[in-house]
Amino acid sequence: MARSNKPIVWGPFAAGGTLTAFLTPALVTLTLLAGLGHVPDVLAYESLHAFAVHWLGKVALITVIFLSLWSVAHRLRITLYDIGVRADSGVAAVLYSAAGLASIAAAVFLFRL
Amino acid sequence: MAEEVSRKPYVREMTYRWIFRHPRYVRYMAREFSCLFIGAWTLMMVWGLQQLAEGRASWEAFLEMLRSPWSIAFHCLALGFSLYHTVTWFNLTPKALPVQIGEAFVPDAVIAGAHYAAWALLSLVLLKLAGAY
């Protein structure tokens, strides 16, 4: 049987696409409200700090960030191919690495709390 | 040894211009480009976590930055594109996950509708828990 890494790449893409479909509009609304001067309770320093210090909060944040960024990276890779960028393996390496590194950075920041 | 190939096959030029040949292609690209806004917003949140880890003053400065006109404009675009992602994703879900009961397939509208209902409920609960209203 031919070996392929497609399921490994595609699994988190589908999971991230579903997660962002369900969560991102509400999450963007939260930071939009903060920008409009109506800061939601959860974005106050004490409550967000308390949320992010808890291990469950850390797991939730890292999961959302990693799956979101991975699905974005995958979709951007396919889109770049569609608009004529043919260096697919290079594009894939850069985008997936960026998604992974940003997620690791988020984890590092969380464990500094 | 490879046979010498003397013919010159036609190689179709690949550019981004095909996008504008049909409104369907433009909608497809709008869907695909929604990822740029979702990605940018998520990276902004990673930066926010860095600011949170720095301490209260940095976090308050981050909140202050959210109030800039650029940030508001970006958020409006990000909200629009993320909603477009949600709508297109749920409309495609019945194609990716067809549900069969007995001989018949569950109609697409039922599967998509169930996702919309769950999404609306989840968003309301999330915004309520976050103290947005």
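The values are calculated or read from the model by the stated rules, or taken from the named source; none is laboratory data. Owing to the predicted nature of the structure, the values given are computational and were not obtained by experimental measurement. With ideal geometry, Cβ positions are generated from the backbone for all residues, glycine too; neighbour counts draw on all protein chains shown.
Pairs are defined by a Cβ separation below 8 Å, a sequence spacing of at least 6 or placement on different chains, a first member in the stretch A:73-86 that is at pLDDT below 95, and a second member that is outside any helix (DSSP H, G or I); the pairs so defined are A:Ile83/B:Thr15; A:Gly84/B:Met14; A:Gly84/B:Thr15; A:Arg86/B:Met14.
So how many residues does the stretch A:1-17 have that are assigned to a helix (DSSP H, G or I) and more than 7 Å from every other protein chain (Cβ to nearest Cβ)?
Within the stretch A:1-17, residues that are assigned to a helix (DSSP H, G or I) and more than 7 Å from every other protein chain (Cβ to nearest Cβ) number 11.
Inspect all residues belonging to the stretch B:94-108 and state whether any of them is buried (at least 18 other Cβ atoms within 10 Å of the Cβ) and either in contact with a strand residue (DSSP E or B) (Cβ under 7 Å, 6 or more places away or on another chain) or assigned to a helix (DSSP H, G or I) (or both). Yes, some residue in the stretch B:94-108 is buried (at least 18 other Cβ atoms within 10 Å of the Cβ) and either in contact with a strand residue (DSSP E or B) (Cβ under 7 Å, 6 or more places away or on another chain) or assigned to a helix (DSSP H, G or I) (or both). As an exercise: evaluate B:Trp119 against (1) of a type outside the set (Val, Ile, Thr); (2) exposed (fewer than 15 other Cβ atoms within 10 Å of the Cβ); (3) outside any loop (DSSP other than H, G, I, E, B) and give the number of the one condition it does not meet. That leaves (2) as the condition not met.
Taken over the stretch A:87-113, the residue count meeting the criterion of being among the hydroxyl-bearing types (Ser, Thr, Tyr) and in contact (Cβ under 8 Å) with a residue 12 or more places away in the chain is 2. Consider B:Phe62 carefully, then state whether it is out of contact with any Leu (no Cβ under 7 Å at 6 or more places or on another chain), hydrophobic (A, V, I, L, M, F, W, C) and more than 9 Å from every other protein chain (Cβ to nearest Cβ). It is true that B:Phe62 is out of contact with any Leu (no Cβ under 7 Å at 6 or more places or on another chain), hydrophobic (A, V, I, L, M, F, W, C) and more than 9 Å from every other protein chain (Cβ to nearest Cβ).
Restricting attention to the stretch B:43-79, and to residues there that are in a helix (DSSP H, G or I) and small (Gly, Ala, Ser), which single residue is surrounded by the most Cβ atoms within 10 Å (Cβ to Cβ)?
So the first thing to find is which residues in the stretch B:43-79 are in a helix (DSSP H, G or I), and the list is B:43-54, B:56-66, B:69-79.
Pick out the ones that are also small (Gly, Ala, Ser) and you get B:48, B:53, B:57-58, B:61, B:71, B:73, B:78.
Values: B:Gly48: 21, B:Ala53: 17, B:Ala57: 10, B:Ser58: 15, B:Ala61: 11, B:Ser71: 18, B:Ala73: 11, B:Ala78: 26.
So, considering only residues that are in a helix (DSSP H, G or I) and small (Gly, Ala, Ser), the one surrounded by the most Cβ atoms within 10 Å (Cβ to Cβ) is B:Ala78.
Only residues that are in a helix (DSSP H, G or I) and more than 17 Å from A:Lys6 (Cα to Cα) were counted in the stretch A:76-93, giving 2. A residue that is more than 8 Å from every other protein chain (Cβ to nearest Cβ), of a type in the set (A, V, I, L, M, F, W, C) and exposed (fewer than 14 other Cβ atoms within 10 Å of the Cβ) occurs nowhere in the stretch A:61-84. Could you please let me know if A:Ala98 is modelled with pLDDT of 95 or more, more than 7 Å from chain B (Cβ to nearest Cβ) and part of a helix (DSSP H, G or I)? Considered against the rule, which asks whether it is modelled with pLDDT of 95 or more, more than 7 Å from chain B (Cβ to nearest Cβ) and part of a helix (DSSP H, G or I), A:Ala98 comes out as yes. Inclusion of A:Val39 among residues that are at the interface with chain B (Cβ under 7 Å from one of its Cβ atoms), closer than 24 Å to B:Trp59 by Cα and modelled with pLDDT of 95 or more is warranted. Taken as a whole, the condition of being more than 8 Å from chain B (Cβ to nearest Cβ), among the aliphatic types (A, V, I, L, M), within 23 Å of B:Trp70 (Cα to Cα) and surrounded by fewer than 17 Cβ atoms within 10 Å (Cβ to Cβ) does not apply to A:Ala87. On the basis of being basic (Lys, Arg), at negative phi, facing chain A (nearest Cβ under 7 Å) and loosely packed, with under 14 Cβ neighbours inside 10 Å, does B:Arg12 make the cut? Judged against the criteria, B:Arg12 is not a match.
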